[in-house]
Each structure stands twice: as C-alpha cells, then as structure tokens.
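The values are calculated or read from the model by the stated rules, or taken from the named source; none is laboratory data. The structure presented is a predicted model; accordingly, all values stated were derived computationally and were not measured. Counting neighbours? That spans all protein chains shown, and the Cβs are built from the backbone with ideal geometry, glycine included. Ligands, DNA and RNA are stripped out before the accessible areas are found, and what is left, the full protein with its side chains, is counted by its heavy atoms. Shrake-Rupley method; radii C 1.70, N 1.55, O 1.52, S 1.80 Å.
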Amino acid sequence: MDGSREELYTVTVPDDQLACARMQVRFGLVCLSTDCRLYLCNPAQQQLCELPEYSLSATPGYWHFGFAYLHSRKEYKVVHFFYTFPSMTERWCHRGKLRVSHLKCEVLTINKVGGISFNRWKEIADRPPCHPRSVGQLVNECMYWWTYCVPRARVNQILSFDFETEKFLAISPPPSPFEGDVGLFVMDLKGMLCVPDAARFHRSSILDLWILKDKISCTWVKEYSIRLIDFGFKKITNVFMTCNEEIIFHHLGKVVFYDLKRKSFREVEALSHRFFPYGVYSKSLFSLGTI
C-alpha cells in the first residue's frame with residue numbers, strides 16, 4: 001500500500017487455464033478459479049493446492065464463484081455455482097440456452113482446528129433466483145454478485161447469499177441506470193454493500209457511491225460523489241476497490257488511493273502499466289500443508 005514491491009511466490013503449474021484465471025484475495029489467501037479447477041494459494045507460506053473437485057457444470061464459469069473468510073467462525077468459504085445439463089446429449093451449452101432453473105450452488109468450508117481440514121462440497125438447498133455474472137464480494141459475512149439482466153425488466157439485480165441461513169435474495173439496484181455488462185461490480189465500504197455508478201462516471205467523470213441501507217426493502221442512499229475529472233474517465237479502469245476508507249483505482253501506470261475522510265488523493269507506482277487483476281493482501285501464517 002506504500003508502493004514498495006515484493007515478489008512473494010513463483011510456482012509452475014501444469015494448467016494452461018491459470019493464465020486467465022479469476023482471482024480473489026481474502027485474509028492472506030488467494031483463490032484462483034479456472035474452467036474446471038479451483039486453487040488455493042498462500043504466497044507468504046509459498047503453498048499452492050488444488051481444492052476438491054466440484055460439480056461439473058453445463059457451461060464454463062471462471063466468474064461463477066466466491067471466496068470469503070468469516071471472522072466469526074474463523075473459516076474460509078468457497079462458493080461455486082454450476083448449471084445442470086438441459087439434455088444428456090450436450091457436453092457444453094451456450095449461456096442463452098440455460099435457465100435459472102438449471103442453476104445450483106455448492107459451498108466448501110475450510111477451517112483450522114488442530115491442523116487444516118475441509119468438508120466436502122455441500123449443495124445448497126435454496127436455489128439462486130438469478131444468474132451471477134461476476135465474482136462474489138463478501139460484505140458483513142454475506143456474499144453478493146451482480147447478475148445478468150432479467151429479460152423483461154431489463155435490470156441487473158444483485159444476488160445475495162447469507163452464510164448463516166444459507167438463503168439467497170435478489171436485491172433491486174440503486175435508482176440509476178445500472179444496465180449492460182460494463183462497470184458492474186460491488187464493494188465493501190465500512191462493512192456495507194457499496195455500488196459505484198459507472199454509468200454516470202462515464203458521462204461526467206463523477207463517481208457516485210451508493211450504499212445499501214436495507215436489503216429487504218432495497219433501500220439505497222447515495223453516500224459519496226467523487227470528482228475525478230482531472231483524471232479523465234477514459235484513462236481510469238472500470239474497476240474500483242476499497243480498503244478501509246480508501247477508494248482504489250488504476251490510472252496510467254499508477255495505483256491511486258482516494259481517502260474518503262480527508263478527501264485527498266495519493267499515488268504509488270503500479271506493478272505494470274497494463275491492467276491486471278489485483279487485490280488487497282496481507283500475509284497469513286495459515287498453512288495449506290495438509291490439504
């Protein structure tokens with residue numbers, strides 16, 4: 001976070017799909033998702049392991065997962081969505097052929113009680129009401145995903161999964177045109193679900209941040225409006241992140257931090273001038289040695 005660099009871990013893995021894997025970082029561990037495998041990595045301990053095989057899906061899904069650490073239970077959770085096959089003759093299906101009735105979810109628990117252990121994948125009885133279209137974001141021990149548009153409503157809903165009740169909930173987005181497939185993502189801002197208004201940002205270079213106050217009534221409040229005109233929206237990546245009370249984005253080879261409390265910017269050199277997926281990381285002694 002201060003701009004210093006450290007290469008923690010380099011490993012050779014016989015899986016060509018890792019080059020385009022989706023990545024999530026949670027409490028010192030990194031979860032990597034490919035078309036047919038999930039990996040867990042602890043860079044500080046220089047450990048990489050393949051997680052138990054999950055259910056086969058009728059369509060590839062690098063994005064159809066979520067990775068979380070629940071502080072209340074001291075457990076890591078991996079969430080995986082998969083589609084049952086519409087017919088026995090098709091090995092892979094185009095997403096347009098799939099219906100939400102084909103969609104299921106399973107969860108893997110990883111904990112450390114006298115050494116690391118994990119349960120088998122547990123299929124969730126409750127069925128997701130819509131199709132996830134992004135990697136999950138943990139907020140206050142619930143996972144959230146943006147979803148594909150509901151055809152008739154033409155609105156992207158947000159899918160919530162509560163680890164305690166193992167129930168799904170579809171949440172209507174803020175009162176802004178959150179449509180299409182560009183710039184849709186969710187963030188954790190001070191323990192609350194936050195949605196940046198990418199549509200307005202592209203029109204005005206002003207970033208509005210909407211906070212979910214009540215997910216049952218779908219009550220949203222526009223908490224912040226950040227002027228980023230000096231940066232130019234075409235030179236900022238569509239992906240924003242949060243850490244504590246800072247908004248993080250990539251701009252012309254720099255990682256830029258905006259402090260919401262002080263209303264000030266600071267910059268550090270990016271690892272690369274090209275945009276790569278990145279995450280907020282802190283070292284962990286959690287060993288993967290016995291998985």
Any chance Glu179 is open to solvent by 60 Å² or more (accessible area, probe 1.4 Å), modelled with pLDDT under 90 and touching a strand residue (DSSP E or B) at 6+ places or on another chain (Cβ under 9 Å): yes
Does Lys254 satisfy the condition of being open to solvent by 70 Å² or more (accessible area, probe 1.4 Å), closer than 28 Å to Ala44 by Cα and modelled with pLDDT of 80 or more? no
Residue match in the range 112-129 (condition: under 18 Å from the mean Cα position of the chain (by Cα), modelled with pLDDT of 90 or more and of a type in the set (Asp, Glu)): no
Looking at Asp259, is it open to solvent by less than 70 Å² (accessible area, probe 1.4 Å), modelled with pLDDT of 80 or more, out of contact with any Pro (no Cβ under 8 Å at 6 or more places or on another chain) and over 23 Å from Gly3 (Cβ atoms)? no
Considering (1) open to solvent by less than 40 Å² (accessible area, probe 1.4 Å); (2) hydroxyl-bearing (Ser, Thr, Tyr); (3) at pLDDT 80 or above, say which one Thr34 fails and leave the rest. (3)
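Yes or no, residue by residue, for (1) surrounded by fewer than 17 Cβ atoms within 10 Å (Cβ to Cβ); (2) β-branched (Val, Ile, Thr); (3) in contact with an Asp or Glu (Cβ under 6 Å, 6 or more places away or on another chain):
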| site | (1), (2), (3) |
| --- | --- |
| Asp2 | yes, no, no |
| Leu8 | yes, no, no |
| Asp16 | yes, no, no |
| Val30 | no, yes, no |
| Cys41 | no, no, no |
| Cys49 | yes, no, no |
